[in-house]
Each structure stands twice: as structure tokens, then as C-alpha cells.
1. Longest span of the chain, sites excluded, free of GluC sites (Glu not before Pro) in DSSP loop with at most 10 other C-beta atoms within 10 Å?
2. Quick one, what does Rg over Rh come out to for the chain if you take C-alpha atoms and the Kirkwood Rh?
3. What angle, in degrees between 0 and 90 and rounded to the nearest 10, separates the Cα long axis of helix 72-81 from the longest principal axis of the Cα atoms of the chain?
4. Scan the chain and hand back the longest stretch that contains none of the trypsin sites (Lys or Arg not before Pro) lying in DSSP loops with at most 14 other Cβ atoms within 10 Å.
5. Determine which lysines satisfy two conditions relative to residue 66: a Cα distance under 18 Å, and not lying fewer than 8 residues away in the same chain.
6. For the chain, what does the helix formula give at 222 nm: sum of -39500 (n - 2.57) over DSSP H segments with n ≥ 4, over the residue count, nearest 500 deg cm²/dmol?
Amino acid sequence: MAAEGKSLKARAAELLSRREYTRQELVRRLAPFADSEDELNAALDELAAADWQSDDRFARQFASSKGAKFGSRRLAQEMRQRGVDSETIREALSGQDDLASAREQWRKKFGRLPADAAEKAKQYRFLAQRGFPADVIRQVLASGGDDDFYED
């Protein structure tokens with residue numbers, strides 16, 4: 001048990017009661033309270049076995065909550081930074097519709113085709129910073145956000 005106050009498991013449960021965390025995030029948050037790395041890993045293994053903590057569940061929830069605002073490239077990068085493995089990221093983003101999300105973000109911010117090259121570059125940068133792939137950005141800027149433009 002940790003030297004002062006709450007056990008590692010209690011601290012982790014308190015964190016997980018507010019939102020999902022990856023194992024890596026919990027390691028970072030709980031390490032100052034652990035007497036040893038083995039103690040910390042044992043507590044996290046116990047939480048994962050009881051399904052209190054799941055990187056898979058974190059990735060799905062993260063993709064769902066941020067998927068309308070950001071593209072799959074940015075979501076994947078943020079999940080990698082939080083310690084989610086590539087396969088879990090791929091599965092979590094499998095339902096991500098970058099084209100629809102990019103069109104919606106473009107409509108909210110601009111809503112009209114660029115008048116000149118400078119405006120086009122500004123719109124392109126905006127969507128790129130949101131993590132949308134270049135081919136999706138080109139489709140949005142070519143179609144003016146028109147959903148029916150590329151449908152047969």
C-alpha cells in the first residue's frame with residue numbers, strides 16, 4: 001500500500017470515475033504515490049482484469065467524443081501520445097468519416113468557397129490543423145462542402 005492516505009487502486013478508481021484513462025496516463029498520474037514500479041503495475045493489472053481500465057474503451061470513447069471536430073490523423077496522434085497501440089487506434093477509428101466531419105467543420109468556419117489563393121490556403125490550413133487528410137481537404141474545397149458533389 002502507498003505510504004500516505006489512499007491506496008493506488010482507490011486513487012485510480014477515483015480518476016476513472018470521472019473519465020477514461022489509458023494505462024500510460026494512469027502510470028504517469030499514480031507513479032508519485034507508488035512505493036515501487038511493481039506495486040503500480042500490480043494495481044493497474046488488477047484494474048484492467050476487473051475491466052475498470054481499458055485502452056480499447058478509452059480509444060473508442062475518445063474517437064467518438066472528438067471525431068466530429070477532428071480528423072483521423074489528429075485523433076490517432078493524440079491517442080498514440082496517450083499510449084494507445086496502433087491496432088487499437090485503427091479499430092477505434094474504423095468508423096470515422098473524415099469527409100463528413102471535414103465538411104461540417106468547413107461549413108461552420110467558412111461556409112463558402114475561397115475567393116482567391118490566399119483564402120484557399122487559409123481554409124486548407126484550418127482543416128489540416130484539425131487532422132484531416134489532404135485528399136479529404138481537397139474534396140471539401142473542390143465541392144464547397146456539397147455532400148452530393150461526389151456521389152453517383
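1. 5-150
2. 1.16
3. It works out to around 20 degrees.
4. With a cap of 14 other Cβ atoms within 10 Å, the longest stretch comes to 20-68.
5. Residue 66 reaches 108, 109.
6. Here the helix-only value at 222 nm equals -18500 deg cm²/dmol.
We did not get these values from a lab; they are worked out from the coordinates using the rules stated. No experiment lies behind these values; they were computed from the predicted model shown. Heads up, the Cβs are rebuilt from the backbone with ideal geometry, glycines too, and the neighbour counts pull from every protein chain shown.
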